[in-house]
Structure formats: C-alpha cells, structure tokens
Amino acid sequence: MDFIRNFPFFSIILCMVSAVITSILPAKAARRWTSCLVVIVGILSAVTLWYVSGLGESYVFYMGHFPAPWGNEIRIGVLEALTALVFCVVMFLSIQGGLHTLLQDVKESKQNLYFIMIDLLLSSLLALVYTNDLFTAYVFIEINTIAACGLIMIRDNGHCLVAATKYMIMSLIGSGLVLISICLLYDLTGHLLMSNIQETIANGLVQTEYKFPLIIVVGLLCVGLAIKSALYPFSSWLPDAYGYSTTTSSAMLSSLVSKGYIFLLIKIIYRVIGFDVLYKTGVGNIFFIFGIAGMIMGSVKAMKQTDIRRLVAFSSIAQIGYIYMGLGMGITAGVVAAVFHIFSHAATKSLLFVAANGLSEVSGGSKDFVDLKGSGYRNKAAGVTFLIGAFSMIGIPLLSGFISKVSFASAAMQIGDKKLYLAMLALAVSSILNAVYFIKAISVIFDVHYAEESKKEQSKQSGRFVFACVVFCIVNFVLGMGAQPILDAIATGLSLFA
C-alpha cells in the first residue's frame, strides 16, 4: 500500500519523460503515446484518490527522501488527487474531441511539437496541484506558460501569432509578480515550503514591523495569479487565445490552464497566507468585487459576439468571475462552491469548444452565426452536446452548472452582510445574461427554417468525436446528479489543506 504514495511523483516525472520520448516518435505514434499517457496518469490519480480517501488525511512525499529545509516535497490529499483525476479526464476527452481536425490545423511536421506541449502542460498542472514548495510552483508556472503559448501559436497563422503574443505578455507580467512575491516572502520568512511559511506567519509575523511588507507580498502574489488565470479586467488576451487556436488547445486552455493557477492560489490562501490574514489585508474583498465585475462584463461582451467560439471564450471570463466571487466571500462554503465550479467549468467549457468546432465543420468551416444556421441538424452529436453545455452554463437542473449556482447562492446566504445582496444580485443577473446569449446561439444552430434542408446534408462524424461528446455529456450529468459526494470530498480536502 505504501507504494501508492509514489504515484503522484511518478505521474509528474512520467509526463516530463514522455515529452522527451514524444520528440523522437512519428506523428501518429506521438498522438497515441500522449493519449495513453493521459489515461495512465488518470488511473494513477484515481488509485491515489482511493488511497487518500481511505487514509483520512493528507501525506507528504519527500523527493530524494530529504526532509525540509534541504529537500523538496509534494503534498497529497483528497482534493489534490480529485483535481488531478478531473484534469486527466478533461484533457483526454479534449484530445479525442479535436483529434480528427488535427491534420487540418497542425502541419504534420509540427505534430510532435504539439504533443510535447501537451505532455509538458499535464506535468505542470500536476505539479501545481501537488507541490508544497513555492519555488517549484514558480518553475512549473513557467513551464505551463511556455506549453500553453506553444499550443496557441502551433497553427502558425497571423491570428494565432498575435493571440500568443498577447498571452505571453500578460502571462509574463503575472509570472514576474509571482516571482517577486516569492522572493520577498522568502526574505521575510526564510522558507520556501508552504507549511513552514504558514507556521512563521502564524507565529506573529503579521503583528510585527513586517506587517506592511507582508501585505505587499500578499497583494503581488494574488494579483500575479489573478492575471494568469484571466480574472477581469486582466482577460483581454483570452478571447483571441481561445477563439483562434486548435479545438483541442481551446478546450484545454479554457478548462485546465487557468484552473491550475486558481487551484494554486487556493492552496496558497490556505497553506501559506492563511484565510484570516488574506481578509485582514482586504484582498478577499477585492476578489469579490472583481469576480462580480467579471461575471457581468464577460456575459455582456458574450452577448455582442457573432462568432460562436468567441462567444464561448467571453463566457469563460464570466465563469472565472464566479470562482473569484466564491473565494472573496470569506467563508469555507464559498471556497467549496468555487472549487466545484472549477470542475464544472472544466467539464462544460471544453465540451462547448469541442461541440462548437463540430458545428463549424459542417458549416464550411465558418464560425459565424450567419453560416451556422441549422448546423445542429447537420451534426446532431455536436448540436445536442452544445445544447447540454449551454443549459449547464445557464443553470438548468440535473447539470453541473445548476449545482455550482446553488452552491454559490447557499454560501452567500451564510455571509449575512452586504455581500449577500451583491452575490445574489450578481448570480441572478449573470444567469439571465447567460440565458440570453446561449439561447441566441441555440436558436441559430437549431433554426427550424433550415431543419429539413440540413437533415439532408448530415455528415458522418469521426468515432473519437462522438465518443468525446457522449462522455463529456455523461460527466456533466454525473457532476449534476451526483454532486454531494464530490462536494463532501472538496470540503474534506480543504480541511486538510492547512
């Protein structure tokens, strides 16, 4: 049984080694290798989740078996293992859903590079989930940034190059702020391990003359990760990055990359800064206000779009706003709702990008609503999948988005101050706006005036695409109808964070 404790470390190393192996494989073999890698890591994550659930506590894995402060370490609990499993499932389905268009989107000579980036992206996400060391987190933040940028610009056209440049500029600003904050935090505490830093802060650092520098550190760290996770208004790069990259890239970038940074931020709040210190500095209230602003402004901008992929991209800005609103509530219930929404959004947004591409394929490659009329009849798998994803984002019962919104509303009811009214109003307005722009999209792709004509033009879809659509929908229903055990696991995992 103790051998299972090695699985998280094996997963990270296996992904990094696979990036090297992929570089020397033919394109087809590289695709198969990466798909198998994600499945293997998913199985290891599932076994780890089973193990820590039975253990009832988190455990620390010492790399090289040297304890702090000489060695590096990762820390594994219920929430870390669950998050790793969800990330693997979403990544595998995103790869399968976009694989049939890979030859059109990426030159065969560059497909090895594409799958190297996916391998590195998975390794960095796992490291951000598991690491207990801030400098290690920073190293993998940079690996994540480079891999994500490569996934955007791999199509090698003007739009993608501009989008990648915007992404890189904003991401490097965020990375720079994170690095500065880590350096200052090391100067203040003398530690890089999260648990050691928390112990130093808890021993009265905030009551000393270092209170103001600590506030600066907290601000820089939170702003840096907020920029990298596209919290409004630091999200100007997001629509182009998601809208112009390949199907698989858009699905993974929207559902996984920003969520990895948010998960790291949650760990830092619990395991480094401390919940009380965060809200004494006022950063929690800033998260709350900017989260609500993102919920509204992302939805307003989505309403103006005539391109289906840009509509889904702007919707991501709104959904990230939900997560930060939950973090800003200042109570555990709000964080539980935020983490569940990370899972819900990861499963739903990747579903929407895969479905949107399927609708575009049967509309002459166009993403404009004018050309997408009746596309839901021409590609029924994509149409039904987009419909389910849209209903989930609106908050229709039985789907994951409904549980997210109920969880946020329930958390808001526990606050008992002005935040209650702001949160409930924001949830109501955002849900109405979500309904407006998604119903607009649904009415176009299922336009009854094109039903008969479109049915005659039905095109055969690849088995991988249909498989991805079906499983994505199943995952969404599982999150919607079997949410309570997941919410319980999240709450247990957060209690083990400190």
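The values are calculated or read from the model by the stated rules, or taken from the named source; none is laboratory data. All values derive from a computational prediction rather than experimental measurement. Accessible surface is based on the protein model in full, side chains and every heavy atom, while ligands, DNA and RNA are left aside. Shrake-Rupley method; radii C 1.70, N 1.55, O 1.52, S 1.80 Å.
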In whole Hz and in residue order, list the ³J(HN,Hα) couplings for the stretch 480-491 that follow from phi through the Karplus curve 6.51 cos²θ - 1.76 cosθ + 1.60, θ = phi - 60°; x for Gly and Pro. x, 9, x, 6, 4, x, 5, 4, 4, 5, 4, 4
On the protein heavy atoms, probe 1.4 angstrom, tell me the percent of accessible surface of the stretch 162-227 carried by carbon and sulfur. 68
Specify whether the C-alpha gyration tensor of the stretch 209-315 places it in the rounded, prolate or oblate class, a ≥ b ≥ c being the square roots of the eigenvalues: rounded for a/c under 1.5, otherwise prolate if a/b is larger than b/c and oblate if not. prolate
What area, in nm² and to one decimal, does the C-alpha convex hull of the stretch 342-428 cast on average over all directions? 6.6
Carbon and sulfur %, accessible surface of the stretch 346-498 computed with the full protein complex present, 1.4 Å: 67
Pull out a ≥ b ≥ c, the square roots of the eigenvalues of the alpha-carbon gyration tensor of the stretch 26-129, then state rounded if a/c is under 1.5, prolate if not and a/b is larger than b/c, and oblate in the remaining case. prolate
Counting each DSSP H run of 4 or more residues in the chain as -39500 (n - 2.57), what helix-only mean residue ellipticity at 222 nm follows after dividing by all residues, to the nearest 500 deg cm²/dmol? -25000 deg cm²/dmol
With a 1.4 Å probe and all protein chains kept in place, how much accessible area does ASP368 have, in Å² rounded to the nearest 10? 50
Got a sec? What order do ILE215, ILE394 fall in by accessible area at 1.4 Å, biggest, i.e. largest, first? ILE215, ILE394
Hey, what angle do you get for helix 332-361 against the long axis of the chain, alpha-carbon based, 0 to 90 degrees rounded to 10? 30
Does the stretch 104-166 classify as rounded, prolate or oblate by the C-alpha gyration tensor (a ≥ b ≥ c root eigenvalues; a/c under 1.5 gives rounded; else a/b over b/c gives prolate, otherwise oblate)? oblate
Ignoring any ligand, DNA or RNA, what whole percent of the accessible area of the stretch 1-147 comes from carbon and sulfur when the probe is 1.4 angstrom? 71
So the angle from the long Cα axis of helix 283-303 to the longest Cα principal axis of the chain, reported in degrees to the nearest 10, equals 10
Using the heavy atoms of the protein chains alone and a 1.4 angstrom probe, what is the accessible area of the chain per residue in square angstrom? 36
Expressed as an acute angle from 0 to 90° and rounded to the nearest 10, what is the orientation of the C-alpha long axis of helix 258-268 relative to the principal long axis of the chain? 20
For the stretch 31-45, in order, what is each residue's ³J(HN,Hα) by Karplus, 6.51 cos²θ - 1.76 cosθ + 1.60 with θ = phi - 60°, in whole Hz (x at glycine and Pro)? 4, 5, 4, 5, 4, 5, 4, 4, 5, 4, 5, x, 5, 4, 5
Identify which of the listed values of Cα extents along the principal axes in Å was calculated from the structure shown: (1) 73, 56, 44; (2) 69, 57, 56; (3) 78, 56, 43. (1)
Residue pairs, from the table LYS107/LYS380; LYS259/LYS418; LYS349/LYS419; LYS28/LYS267; LYS301/LYS349, whose Cα atoms sit over 26 Å apart: LYS107/LYS380; LYS259/LYS418; LYS349/LYS419; LYS28/LYS267
